[in-house]
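Enquirer: To start, I am sharing the structure in question, which I have written as structure tokens.
The values are calculated or read from the model by the stated rules, or taken from the named source; none is laboratory data. These numbers were taken from a predicted model, which means no experiment stands behind them. Positions of Cβ are backbone-derived with ideal geometry, glycine not excepted, and every protein chain shown enters the neighbour counts.
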Amino acid sequence: MSPTVAEVNAVAQSLWPLEGAESWDAPGLLSGDPDAPVTHIHLAVDAVLDTVDEALQIGADLLLVHHPLLLRGVTSVAEDRYKGAALARLIRAGCGLIAAHTNADVVETGTSAVLADRLNLVDAVPIVPGAIPTRGIGRAGTLAEPTTLGRLARELATILPPTAAGIRVSGDYDAPISTVALCGGAGDSLLGARAVMDADVYITSDLRHHPASESRENARLGGGPALIDVSHWASEWLWLDTAASQLREALDGVTVTVSDLRTDPWDFVVVQ
């Protein structure tokens, strides 16, 4: 007998407990009939029109995404607007929508932990631990083998799916790198954290001009890490395979697929 949407949501909350979410976040069941049966779950980073259509085309009963579609309040779900159109397509097709966001970031197998594992970080710990010491935002650890900043950036280019903007780096190409701090998704709020300041390099996404510039100048005075800025979507997409494996193990007989669609918002860059 197939599990219901409510039962799948309970499994999701056991894997990624809601109490781990940030206060501003909005994960959990976003739309769908809790009593509807689920035979196929499709995973994506974003609930955009392309991933919604993909889920419906392959016959998924449930779309599980990382970023909540309704993170901020809306005053209309009219179908001439993206969120209204996405929700309408899902509801008409009987496909539920669940999000696992910061609650999936902080767990031992969350977004940052997966990236740390792919980089072979040793003794990686959260940058900002939670009530459970092994859980928290970001990860910091030591590379199994030291490298240089340039080689690390090139390794990331092989680990992460390609995007138009690629990988941006602040620092000397040949600078030696042994210790790494990282945060999947937007992480410039952690630039002043002790684990970040103590690392040779900080890897994250969406670095803004002023925080990045200040960090760069501090680094030139010996007071901060080199910076590697990667695609927000790409840094979190790696987690989907881990999440899919966990769902398959917990939900015997349910098909779980992962979207390969690039939902990074940038299509091309012009190099000057």
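Enquirer: When both residues are 6+ apart or on different chains and their Cβ atoms are under 6 Å apart, which pairs have a first residue that lies in the range 248-264 and is under 18 Å from Ala6 (Cβ atoms), and a second that is of a type in the set (D, E, K, R)?
Expert: Cβ pairs passing all conditions: Val256/Arg248.
Enquirer: Within the bounds of the range 93-114, is there any residue that is in the same structural domain as Val45 (by TED's automatic domain parsing), more than 18 Å from the chain's Cα centre (by Cα), part of a helix (DSSP H, G or I) and surrounded by fewer than 22 Cβ atoms within 10 Å (Cβ to Cβ)?
Expert: yes
Enquirer: Name the residue that is farthest from Pro37 (Cα to Cα), counting only residues in the range 204-224 that are in contact (Cβ under 8 Å) with a residue 12 or more places away in the chain and assigned to a loop (DSSP other than H, G, I, E, B).
Expert: Here the answer is Gly223.
Enquirer: Among what's in the range 225-251 and is assigned to a loop (DSSP other than H, G, I, E, B) and crowded, with 22+ Cβ neighbours inside 10 Å, pick the residue that is farthest from the chain's Cα centre (by Cα).
Expert: Here the residue is Pro225.
Enquirer: May I ask you to list the residues in the range 36-89 that are outside any helix (DSSP H, G or I) and of a type in the set (Val, Ile, Thr)?
Expert: Val38, Thr39, Ile41, Val45, Val48, Ile58, Val65, Val74, Thr75, Val77
Enquirer: Check off (1) more than 20 Å from Pro265 (Cβ to Cβ); (2) touching a Ser or Thr at 6+ places or on another chain (Cβ under 9 Å); (3) surrounded by 23 or more Cβ atoms within 10 Å (Cβ to Cβ) for Leu64 and give me the number that stays unchecked.
Expert: (2)
Enquirer: Quick check on my filter: what residues within the range 67-86 are of a type in the set (A, V, I, L, M) and surrounded by fewer than 21 Cβ atoms within 10 Å (Cβ to Cβ)?
Expert: Leu70, Leu71, Val74, Val77, Ala78, Ala85
Enquirer: Within the range 120-131, take every residue that is modelled with pLDDT of 95 or more and assigned to a loop (DSSP other than H, G, I, E, B) and give me the one that is nearest to Ala199 (Cα to Cα).
Expert: Of everything passing the filter in the range 120-131, Ile127 is nearest to Ala199 (Cα to Cα).
Enquirer: Let me ask something additional. So how many residues does the range 138-196 have that are within 21 Å of the chain's Cα centre (by Cα) and part of a helix (DSSP H, G or I)?
Expert: Summing the residues that are within 21 Å of the chain's Cα centre (by Cα) and part of a helix (DSSP H, G or I) in the range 138-196 gives 13.
Enquirer: OK, next. Out of curiosity, is Asp117 surrounded by fewer than 16 Cβ atoms within 10 Å (Cβ to Cβ), of a type in the set (D, E, K, R) and under 30 Å from Ala199 (Cα atoms)?
Expert: yes
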